[in-house]
Amino acid sequence: MTGVDDNLPKSRWFHLKPDRLIPALLAVEGLLWLSDRIGWPVWQKGHAVLTTVTAVGVALFLMLIWFALVLVFRWRFQFTVRSLVVLVVLVAIPCSWLAVEREQAGKQHDAVEAIRKAHWTVFYDYELLRPMPEPKGHVWLRELLGDDFFNTVSYAGISCDTQAKYLEEFPQLQHLTLYGTVTDDGLEYVEGLTQLQEVRIIGVQVTHVGVLKLQMALPNCEIHH
């Protein structure tokens with residue numbers, strides 16, 4: 001017995017259809033996300049997610065043009081419900097990624113402002129270069145998303161435990177100086193900063209046990225005490 005679907009024309013795999021863009025978009029998003037996580041190719045902060053959002057925008061624009069041509073030339077516009085659901089997910093993922101990156105940039109900005117307001121030291125990566133260049137990112141993008149979306153904090157100097165909590169907002173911190181009244185409680189905020197290359201502990205109230213615990217948490221970091 002012949003079913004109804006057997007009488008419908010089968011679509012060849014090489015036939016150009018709008019839903020063919022979805023696997024390509026999925027591959028692009030996956031590669032961009034993976035390259036951002038492993039650092040290959042080397043992405044500046046924020047550029048991987050912006051490239052992903054741009055790729056989604058281009059794909060949607062191509063589908064819109066495709067639909068316009070279908071209306072003009074009366075072509076078939078085949079788009080299954082399953083493909084539509086996958087497309088919605090592929091659009092939502094980079095939007096959520098962008099929202100997370102903006103939230104993290106906002107937290108970094110607030111932490112920098114709090115530390116500088118207390119007259120302690122914090123520097124972005126580009127501020128440590130001489131001569132000091134402009135912040136990373138195009139001017140119009142920095143005006144739209146903020147400097148912290150494209151720039152990371154590389155150095156900080158903390159003098160008490162109450163401000164050490166802000167260090168959690170600097171995951172790419174490489175150099176840290178602890179002085180003043182910092183204790184072992186303040187060192188707990190440092191243990192999660194896996195990108196640290198050097199920690200200088202000067203005249204603080206930390207114990208030898210606290211320093212050993214920090215060294216165990218950061219085996220690749222040079223700790224001067």
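What follows draws every value from the coordinates through simple rules; no lab data is involved. A quick note: this is a predicted structure, and the numbers were derived from the prediction, not measured. Counting neighbours? That spans all protein chains shown, and the Cβs are built from the backbone with ideal geometry, glycine included.
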_Take the residue pairs LYS107/LYS136; LYS136/LYS213; LYS45/LYS107; LYS45/LYS213 and return only those whose Cα atoms are more than 24 Å apart._
LYS136/LYS213; LYS45/LYS213
_Viscosity 1.306 mPa s, temperature 10 °C, Stokes-Einstein D of the chain from Kirkwood C-alpha radius, µm²/s_ = 75 µm²/s
*Under a straight-distance cross-link criterion of Cα-Cα below 16 Å, which aspartates and glutamates are reachable from LYS165, leaving out those fewer than 8 residues away in the same chain?*
ASP110, GLU113, ASP184, ASP185, GLU188, GLU191
*Given the options LEU176, LEU60, LEU69, state which has the largest fluctuation in a GNM of the chain using a 10 Å cut-off (strictly under) for Cα springs.*
LEU69
_Per 0.36 nm of contour for each residue apart, how much would the distance between THR121 and LYS107 grow if the chain were fully extended, relative to their Cα-Cα spacing?_
3.3 nm
*Three-way shape label, the range 88-178, alpha-carbon gyration tensor, a/c 1.5*: oblate
*Pairs of Cα atoms under 8 Å, at least six residues apart: use those to get the relative contact order of the chain, whole percent.*
13 percent
*Counting Lys and Arg as +1 and Asp and Glu as -1, what is the net charge of the other residues whose Cβ lies under 11 Å from the Cβ of VAL53?*
-2
_Taking just the alpha carbons, could you work out the radius of gyration and Dmax for the range 68-139, both in angstroms?_
22.8, 68
*Pick from VAL89, VAL58, VAL72: which residue has the top mean-square fluctuation in a GNM of the chain where Cα pairs under 10 Å get a spring?*
VAL72
*What are the semi-axes of the equivalent ellipsoid of the range 17-118, taken as the square roots of 5 times the eigenvalues of the Cα gyration tensor, listed largest first and rounded to whole Å?*
36, 14, 11
*What relative contact order, as a whole-number percentage, does the range 17-118 give when Cα pairs under 8 Å and 6 or more residues apart are counted?*
37 percent
*Cα centroid distance between the range 140-160 and the range 31-57, in Å?*
19 Å
*Given 0.36 nm per residue, what is the gain on full extension from VAL88 to HIS138 after removing their alpha carbon distance, in nm?*
15.0 nm
*For TYR155, TYR166, what ranking results if the residue with the fewest other Cβ atoms within 10 Å of its Cβ goes first?*
TYR155, TYR166
_Please check: in the Gaussian network model of the chain (C-alpha springs, under 10 Å), which one of HIS119, HIS47, HIS109 has the largest mean-square fluctuation._
HIS119
*Fewest to most neighbouring Cβ within 10 Å: what's the order for THR152, THR52, THR162?*
THR162, THR152, THR52
